[in-house]
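Okay, structure first, notes after.
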Amino acid sequence: MKKVYLLLVLFFAAASTYAGTADYFVNDDQVETTLNEAIQIDFSTQSATSANFLDASMVQAADPNPWVAFVLAWVVGWTGIHRVYLGGKGSLIAIYVVTCGGIFGIVPLIDWIVLLIGAAKNDISQFVGNDSFFMWK
């Protein structure tokens, strides 16, 4: 019976907030004016490197936070996401998943311990950009 009352309350709430199509209108003249004042950009003549918003030199990668890597290894370590966060290849995720969470969770556990030690020292530079399956070599 509670479900029926809840359904009726939701129905009446939805019905009371219904707005008919007569409440909305489109001013065609204003739409045409806006479209006519727009500037058309032709990307076929510009190279990707000359466009300011695509300039790779403007983007600088920040050093990964050791505590974020540690938490990622703790929560979702079996997926290898912490390794990609540290700058490894995306294929590491597939390797972790195919090996049943990094050889049944042993590799992520060791990653977690190594990252904990590195986070305590605030130095995980040896693990940043490491593409090997065993990052602690």
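Read-outs: derived from the displayed coordinates by stated rules, not from any lab. These figures come from a predicted structure and were not determined experimentally. For neighbour counting, all protein chains shown are included, and Cβ atoms are generated from backbone atoms with ideal geometry for every residue, glycine included.
For the stretch 66-121, the relative contact order is 41 percent, taking Cα pairs closer than 8 Å that sit 6 or more residues apart in sequence and dividing their mean separation by the residue count. Taking packing as the residue-averaged number of other Cβ atoms within 10 angstrom, the listed peptides 64-72, 86-94 run from highest to lowest as 64-72, 86-94.
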